[in-house]
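Report on the following structure.
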Amino acid sequence: MSILDFLFPKKCLGCSKVGGYFCSDCLNLVSLDPERICPVCERPSIGGQTHPGCLTSTSLDGLTSIFAYKGIIKKGIGKLKYRFVSDLATDLVEVFLASCGEDKTFSDFCLEKHPVLVPIPLHPKREKWRGFSQTKLLGKLISENFGLPFLPDLLQRTKNTRPQVELKGKERQKNVDGVFRVGFTRGRVSHNQCQSKPIVVVPSSVLLFDDVWTSGATLKEAARILKRAGAKKVWGLTLAR
């Protein structure tokens, strides 16, 4: 036990029991996401796959969300994002991994497509103000446990928009329109000695990670940008919905 743990012991977010942010008794009360949905129409779908009739050239190919966004999971995500309790990321990922279960469709996507995990980025100003990006913290831990490559800078956020949690309905989609660009480059291609332009390298398969799915506007817009840049498959992954 570190000095910080001794002076400021972790307490369960549900019952305040000392020892960790999620005690076993409270974890037994956590609700898993009740059903997988198509990320386009949000109707039930086997394994979270996008329905064939909903699939477009720039849509998500599927969505996996593990928890229902309520109770101590909602509280934990909120404390990580808005109270800046960064060490909650490790505990959230441990609970996430323990609750993944046997999701064959999602497992098959990871095994067959060998995706790169890409987190939804914060705007640099917001990340600097917060001191960290919760999606980068969580995404890195998840990628390490899944054995997947991690590209935290593949997507860049170009506009410092209002938080989605403050908006409703169509405002959410309008808020994220055009806010992302592909920013990962490797090398340059020269057409003459005076001019050159960067080569944008986009993986064929991407596991696009965000903490919560609400309207899906953020993940949908990010998937659109990635596919327009060359990604063939983009699957959404969130802790909760």
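Here the 3J(HN,Hα) profile of the range 156-173, calculated from phi with Karplus coefficients 6.51, -1.76 and 1.60 at θ = phi - 60°, is 10, 9, 9, 10, 8, 7, 5, x, 4, 4, 8, 10, 9, x, 5, 4, 5, 5 Hz, Gly and Pro shown as x. Ranking of E112, E221 by neighbouring Cβ atoms within 10 Å, starting from the fewest: E112, E221. Couplings for the range 109-115, taken from phi via the Karplus curve 6.51 cos²θ - 1.76 cosθ + 1.60 with θ = phi - 60°, read 4, 5, 6, 8, 9, 6, x Hz in order; Gly and Pro are left as x.
Using alpha-carbon pairs under 8 Å, 6+ residues apart, how would you state the relative contact order of the chain in percent?
Working: 410 pairs, mean separation 50.9, N = 241.
This gives 21 percent for the chain.
What pairs in K174/K232; K11/K113; K17/K125; K74/K128 have C-alpha atoms more than 32 Å from each other? Walk me through the intermediate numbers first.
Values: K174/K232 25 Å; K11/K113 40 Å; K17/K125 36 Å; K74/K128 24 Å.
As for pairs spanning more than 32 Å Cα to Cα, those are K11/K113; K17/K125.
Computed from Cα positions, the angle between helix 134-146 and the longest principal axis of the chain comes to roughly 90 degrees.
Taking the longest Cα principal axis of the chain as reference, the axis of helix 217-228 is set at about 30 degrees. Taking other C-beta atoms within 10 angstrom as a stand-in for reagent exposure, S107, S133, S31 fall in the order S31, S107, S133, fewest first. Once the chain from F8 to K125 is taken as fully extended at 0.36 nm per residue, the excess over their C-alpha distance is 39.2 nm. Working from label points 7 Å from Cα in the Cα-to-Cβ sense, the V85 to V201 distance is 4.0 nm.
Residue separation of L29 and V165 scaled by 0.36 nm, minus their Cα-Cα distance, works out to 46.5 nm of gained length. Remark: spin-label model distance K232-E42 equals 3.2 nm, labels positioned 7 Å along the Cα→Cβ axis.
The numbers here are math on the coordinates, done by the rules we state, and not lab data. Given the structure is predicted, the values throughout are model-derived calculations rather than measurements. Because the Cβ atoms are built from the backbone with ideal geometry, glycine has one as well, and the counts that use them run over all protein chains shown.
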